């Protein structure tokens, strides 16, 4: 391989690695925040609004009145995701009234979170679980990005810019991973909270 080819290969790998570095900064910013958080319950609950909105827009078309089966499935998920009891058989005239209802439920959830007393056992479990989730999710994401990198080598023969492909498709993969990670961390909070509270009440 000539010096020129070596340079192009190094430059190509550098550009791909830069995509990963940008993604790593986002993930490690969250990881460090939760690692050093003085109020990890509040910091995890910063995820609840984007988590709920992502789930809502992914499953219900804002241009249509949702059918009752889809709506009930979403409301049952919302009931599992919040510390409030959600009426899962509620009906709505349109998407906007559903959105207002969801916002009200999230606000009630956050109001409950604000009243929670310090619980060192809960906080320790959450910190450990959240960091473990982040590390596992990031490791799986790197493997997925590695498969993408292997795949674009073949597509470069079709006169597509491999760096552009990697950046564009890598962003979409990262977006899915990030949304899934936020959801899993929040659900970890709800499940851990309910488990510990139920144990304390027994």
Just checking, which of 139, 57, 88, 72 is touching a helix residue (DSSP H, G or I) at 6+ places or on another chain (Cβ under 7 Å), closer than 20 Å to residue 183 by Cβ and surrounded by fewer than 18 Cβ atoms within 10 Å (Cβ to Cβ)? 88
Read through the list (1) surrounded by 17 or more Cβ atoms within 10 Å (Cβ to Cβ); (2) farther than 16 Å from residue 54 by Cα; (3) at pLDDT below 95, then give the number of the only condition that residue 151 fails. (1)
Kindly indicate whether residue 167 is surrounded by fewer than 17 Cβ atoms within 10 Å (Cβ to Cβ) and closer than 30 Å to residue 18 by Cβ. yes
Within region 41-54, is even one residue out of contact with any helix residue (DSSP H, G or I) (no Cβ under 8 Å at 6 or more places or on another chain) and more than 24 Å from residue 188 (Cα to Cα)? no
Residues located in region 35-55, provided they are without any contact (Cβ under 8 Å) to a residue 60 or more places away in the chain, more than 16 Å from residue 134 (Cβ to Cβ) and over 16 Å from the mean Cα position of the chain (by Cα): 38, 39
For region 91-111, enumerate the residues that are exposed (fewer than 14 other Cβ atoms within 10 Å of the Cβ) and over 20 Å from the mean Cα position of the chain (by Cα). 91, 93, 94, 96, 97, 100, 104, 111
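The values are calculated or read from the model by the stated rules, or taken from the named source; none is laboratory data. None of these values were measured; they are calculated from a predicted model. Note: ideal-geometry Cβ built from the backbone for every residue, glycine included; neighbour counts use all protein chains shown.
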